[in-house]
Every structure is written in C-alpha cells, then in structure tokens.
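Asks: Structure below; questions to follow.
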Amino acid sequence: MMEKLSPTARRDLFGSKINRDHWAVLVYGVPWLSIILASMVPMLPVIAPAPVVPPLAFMFLLAWRLLRPGVLPLWAGFPLGLCDDLLSGQPLGSSILLFSLTLIALDLFELRFPWRGFWQDWIVAAVLITLFLLLSAVFSAAKLDLLHFWLLAPQLLLSVVLFPIIVGAVAMLDRLRLLRVKRIN
Amino acid sequence: MAPPAAQRSGINRRAQFGVFAGYLLASIGAAIGALLLIVSLVRPEAFAGLRTMASDVSASVGDAGAASRVGTSNFFDAIAGYYEAGSKNARMKEEIAIARVKLAEARAVEQENEELKAVLGLSQDERKPVAIARLIGSTSVSARRFAYLSAGRNDGVKVGMPVTSPMGLVGRVLEVGRTSSRVLLLTDSESIVPVRRATDNVVAFAEGRADGSLRLRLISLGINPLKIGDVFVTSGSGGMFRPGIAVAMVTELNDDGGIARLLSNPAATDVVLVEPVWQPEAVAMLRRPPAGPTDEGIKEVAEALPERRASPPPPLPQPEASAGAAAADE
C-alpha cells in the first residue's frame with residue numbers, strides 16, 4: 001500500500017528505512033580510513049624516478065572537507081598529517097603543518113563563501129594543491145634548483161585533473177558511509 | 001554545498017566555545033607540526049624509529065605488490081617488442097658481433113688481472129651479500145627519492161650498507177626497521193657517490209638530480225675528458241661501496257662533468273642485494289669527529305723519541321707532537 005504511494009517510503013539509496021540505522025563506525029571511520037589508506041601510496045609497487053604520483057592523501061582530505069564540511073573535525077590535520085609524514089619521505093611535520101593549515105583555511109573560506117559549486121571547489125582545490133606541492137618541495141630538505149620546480153609541473157597538472165575523479169570516489173565512499181546497516185532492536 | 005547549520009554558532013555561547021576550541025586545537029596542531037618540521041630538518045635522523053615502525057607495519061602489504069611489478073612491466077615490454085622487431089633484430093646482430101670481440105678482450109684483461117694479483121699476492125675476496133630482498137615501493141609523491149626494502153634488522157641489514165642489483169648500484173640503507181628498511185636511492189639530491197671511469201682513473205662524484213639522472217662532477221679540473229657513452233663505476237673511496245660496481249653512463253656533457261643515466265634503474269629491478277660495508281673501519285673513522293691524542297698515539301710518539309725512551313710518556317704532549325700522533329694513528 002505504502003510502496004504504491006511512495007517508492008522511497010521504506011527504502012532509499014542507503015538501504016531500508018525500517019528497523020535500520022546508520023552505523024557510527026562507518027559514518028566516522030570511512031573518511032579517516034580512506035585518507036590513511038591514501039597516505040600509504042609509497043607502498044605501491046612504483047619506484048618513481050621523479051615525483052610523479054599526486055598527493056592522494058591531501059586530495060582525499062580536500063575532497064572530504066569540500067564535499068562534507070562537518071565530517072572531519074578541525075583538528076584532524078594533526079593525526080592525518082602524521083600518518084602521511086611517516087611514509088611519504090618528507091621530514092616529519094611537513095604534512096602535519098600543511099594539513100592543519102589547509103583545514104583552517106578551508107573553514108575560513110567557507111565562512112566567506114557558504115554557497116559554492118563545482119567550479120569554485122575545483123579552483124580552491126587547485127590552488128591548495130599547488131601550494132601544498134610547492135611547500136612540500138621546499139620543506140623536503142632536498143637541494144632545490146630550477147629543475148625541481150619544472151618537475152613539479154606534470155605532478156601538479158595530473159593532481160588538478162585528477163581532483164574531480166577523487167571527488168567522485170569520495171562521493172561513492174560517502175554513500176557507503178551512510179548505508180543503514182545497524183539493526184535497531 | 002552550504003555548511004550544515006550546526007557549524008554556525010550564532011549567539012549560542014556553547015556553540016561559540018566549540019568553534020573557538022576547534023580553531024585552538026587546529027592551531028596547536030599546526031604549531032606542533034611546524035616544531036616537528038624544524039626538528040626533523042635540523043636532525044634528519046630524529047624520528048627514524050617512528051618511521052621504521054610505520055614501514056614495518058605497511059611493508060607486508062607492499063611486499064605482495066612488489067612481486068607483481070616486474071611481471072607487469074615485462075608484459076608491456078612484450079607488447080612493445082612486436083612493433084620494432086625487425087630493426088631491433090638487425091641492431092642486435094651488430095651488437096652481438098661487437099660484444100663477442102669485447103668479450104674476448106675482457107677475458108684477456110681478466111686473465112692479466114689474475115696474473116697481476118698473483119704477483120702482488122692479493123687474494124680474491126668474495127663478499128657474500130648480507131640479505132637478498134625486494135624493493136617494495138618508493139616515495140613517489142615527495143621530492144626526496146627513498147625506496148622501501150623488504151629486509152631489516154632481523155635479516156642483518158645495518159645502516160650504511162650498499163644496495164646493489166645485478167645491473168649496478170641502487171643506493172644505500174638509510175634507516176633500518178625490524179623487517180623493512182629505507183634506502184636512499186642514487187638519484188636523491190642528497191646522495192653523493194665517489195666514482196671513476198671504468199676504463200681509466202678519471203674520478204668524479206655522482207650526485208643525484210631531481211629528474212632521475214645523475215650529475216657527474218669531475219674532481220680534477222681542466223679539459224673535460226668525458227665522452228658520451230662512458231661508463232662510471234664506484235671508486236671505493238670513502239670505504240662504503242666496494243670498487244667496481246657499475247653506476248651510470250654519460251649521456252650529456254657540460255663544463256665540469258656531465259649528466260649520466262643510471263645503469264641500474266630501480267624501477268626495473270626486482271630483487272636487490274644488500275652488501276656489507278666495504279671498509280667499515282674507514283667509514284667509522286670518517287664519521288668520528290677528530291679526537292685528541294689517543295693513548296697508543298702518545299706511546300708511539302714517546303717510543304719514537306730516543307732520549308725519552310726510559311722515562312714514562314708525558315701526560316700532556318706538545319700540540320705539534322699531538323698532531324703528529326693523530327696522523328700516525330690514522
């Protein structure tokens with residue numbers, strides 16, 4: 001009877017609405033876990049001759065923050081940055097600093113522009129990724145010359161182009177996050 | 001998307017306090033990050049324990065992937081091979097003809113080498129590798145060039161040991177964990193290896209460049225004697241790498257040396273060998289800060305002075321004598 005009136009009355013995208021609820025482990029765990037997994041990229045079997053792989057952990061952080069403003073607390077930059085620093089080859093502290101500053105900057109940006117669209121988000125992400133890569137190179141304790149910054153260009157371009165795809169992946173993870181799997185007794 | 005209403009505090013005191021606490025915590029996090037960054041820039045080895053613990057945990061995941069890497073690269077090579085089969089065949093025939101001649105020459109040189117060594121009474125020292133391991137992954141995001149190795153302290157790997165592949169030198173061990181370790185690749189900008197030309201004794205330093213090539217800096221200035229195609233091997237100075245490991249081939253010339261391509265591309269190497277440090281005493285001595293006169297040195301100088309032989313060595317020798325003692329000690 002109800003189904004005939006409204007197909008979404010009992011079920012929606014996230015599963016049955018009856019006797020089921022969101023599971024806290026998924027709701028809070030998925031964003032953190034996806035960013036931590038993304039910071040394990042150095043363990044991928046790629047021995048790169050130059051910096052080529054996009055900073056996936058940072059991009060996942062940006063995507064979660066832009067897509068779901070409330071889901072990561074403002075202090076998340078410290079633990080997530082620490083995870084990233086342990087494997088990325090950067091001196092410890094570089095990602096902690098940059099992740100924390102990014103989260104603060106995005107919060108202030110959101111106060112100024114509460115309503116945004118796809119293009120604004122992409123531009124913001126592109127600017128932040130550029131800053132992240134440049135500052136990471138400066139912090140990396142490598143002997144920097146002009147060649148280094150030329151080499152950043154392909155990495156930067158790839159990262160900026162990849163960002164909407166990461167946002168897509170995060171949107172899919174978000175759907176997983178909000179699945180109603182907990183049974184209410 | 002607009003932020004959820006809960007984030008905006010309005011006039012609610014408690015919400016205002018929550019927002020303030022959030023900013024405070026985030027700023028503290030950033031400040032700690034900056035502090036840690038300064039510490040690790042001043043002392044790069046500071047957080048090695050934390051890092052190796054993390055790599056130990058994640059190495060088991062990486063190791064499984066590393067086995068598949070070489071397989072897939074072969075697969076693509078096989079497809080690419082069909083496109084240039086004809087020209088490659090002709091070129092290889094020519095190369096084989098040249099290689100046969102070179103092989104004969106090399107045999108002659110080897111024989112001569114053995115004879116000369118027999119004359120000098122040198123024994124051929126066969127060094128067994130400490131461990132055989134895989135390169136798991138590398139820091140492909142960062143500007144630094146580190147790789148992770150699937151062997152650690154449990155396998156006998158120690159800091160400073162050279163990592164080689166059958167094609168040549170790959171790098172040296174920088175930090176050691178229990179089951180994994182971190183390797184400084186030759187292409188890192190902090191890596192410097194003393195090398196010499198394989199054919200003669202033109203010595204140079206091979207420094208890593210950002211783009212995966214090496215920069216050769218000749219030690220003796222003058223007319224640049226390098227030619228494109230020269231192969232450089234480790235010279236053994238510094239005592240870390242044994243002499244004669246292939247390092248790089250010159251591809252470009254410039255004023256004070258050249259740009260060289262790495263012979264043992266770490267991306268194409270599957271299994272690597274961890275070798276013992278060639279001359280551990282020499283490396284230890286170079287690391288040690290210049291010390292004052294040692295007891296043996298004082299004794300040696302005292303014995304060298306004929307008129308003082310009977311008397312006990314003086315407690316504090318003259319500065320000139322101490323310098324001489326240190327020199328004699330080394």
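The values are calculated or read from the model by the stated rules, or taken from the named source; none is laboratory data. Just so it is clear, the structure is predicted and the values come from calculations on it, not from any experiment. FYI the Cβ positions are ideal-geometry reconstructions off the backbone, even for glycines, and counts take in every protein chain you see.
Asks: Out of curiosity, is B:ASP211 of a type in the set (Asp, Glu) and closer than 30 Å to A:VAL53 by Cα?
Replies: Yes.
Asks: So is A:ARG175 out of contact with any Asp or Glu (no Cβ under 9 Å at 6 or more places or on another chain), among the basic types (Lys, Arg), in contact (Cβ under 8 Å) with a residue 24 or more places away in the chain and over 25 Å from B:THR139 (Cβ atoms) or not?
Replies: yes
Asks: Pull up segment B:10-63, narrow it to residues that are among the acidic types (Asp, Glu) and more than 10 Å from chain A (Cβ to nearest Cβ), then point me to the one that is surrounded by the most Cβ atoms within 10 Å (Cβ to Cβ). So that I can check it myself, show each step before the final result.
Replies: Here is the first cut: in segment B:10-63, the ones among the acidic types (Asp, Glu) are B:45, B:56, B:63.
Right, trim to more than 10 Å from chain A (Cβ to nearest Cβ) and you get B:45, B:56.
Details: B:GLU45: 11, B:ASP56: 18.
It comes out as B:ASP56.
Asks: Among A:ASP107, A:ASP121, A:ASP145, which is among the charged types (D, E, K, R), without any contact (Cβ under 8 Å) to a residue 40 or more places away in the chain and closer than 27 Å to A:VAL27 by Cβ? Let's see the steps before the verdict.
Replies: Details: A:ASP121 fails: without any contact (Cβ under 8 Å) to a residue 40 or more places away in the chain; A:ASP145 fails: closer than 27 Å to A:VAL27 by Cβ.
None of the others qualify; the one that does is A:ASP107.
Asks: Can we say A:ALA137 is modelled with pLDDT of 90 or more, in contact with a His (Cβ under 7 Å, 6 or more places away or on another chain) and surrounded by 14 or more Cβ atoms within 10 Å (Cβ to Cβ)?
Replies: So A:ALA137 fits the description; yes.
Asks: Are any residues in segment B:202-228 loosely packed, with under 15 Cβ neighbours inside 10 Å and aromatic (Phe, Trp, Tyr), and if so, which ones?
Replies: none
Asks: When only residues in segment A:148-165 that are more than 14 Å from every other protein chain (Cβ to nearest Cβ) and touching a residue at least 12 places away in the same chain (Cβ under 8 Å) count, which is farthest from A:GLY15 (Cα to Cα)?
Replies: Of everything passing the filter in segment A:148-165, A:VAL160 is farthest from A:GLY15 (Cα to Cα).
Asks: From the list B:THR139, B:THR199, which one is modelled with pLDDT under 90, over 11 Å from the mean Cα position of the chain (by Cα) and surrounded by fewer than 16 Cβ atoms within 10 Å (Cβ to Cβ)?
Replies: After applying the criteria, what remains is B:THR199.
Asks: Quick one: is B:SER220 within 22 Å of A:ALA141 (Cα to Cα) and either polar (S, T, N, Q) or part of a loop (DSSP other than H, G, I, E, B) (or both)?
Replies: Criteria not met by B:SER220.
Asks: Could you list all residues from segment B:14-31 that are of a type in the set (Phe, Trp, Tyr) and modelled with pLDDT under 90?
Replies: Passing the criteria: B:PHE17, B:PHE20.
Asks: Just one of A:PRO79, A:PRO73, A:PRO114, A:PRO91 is more than 29 Å from A:VAL27 (Cα to Cα) and within 12 Å of chain B (Cβ to nearest Cβ); which is it?
Replies: Values: A:PRO79 fails: more than 29 Å from A:VAL27 (Cα to Cα); A:PRO73 fails: more than 29 Å from A:VAL27 (Cα to Cα); A:PRO114 fails: more than 29 Å from A:VAL27 (Cα to Cα).
Only one candidate qualifies: A:PRO91.
Asks: What strands (runs of 3 or more DSSP E) completely inside segment B:164-214 contain at least 2 residues that are farther than 13 Å from B:VAL247 by Cα and of a type outside the set (S, T, N, Q)?
Replies: Where strands (runs of 3 or more DSSP E) fall fully within segment B:164-214 and carry at least 2 residues being farther than 13 Å from B:VAL247 by Cα and of a type outside the set (S, T, N, Q), they are B:168-176, B:181-185.
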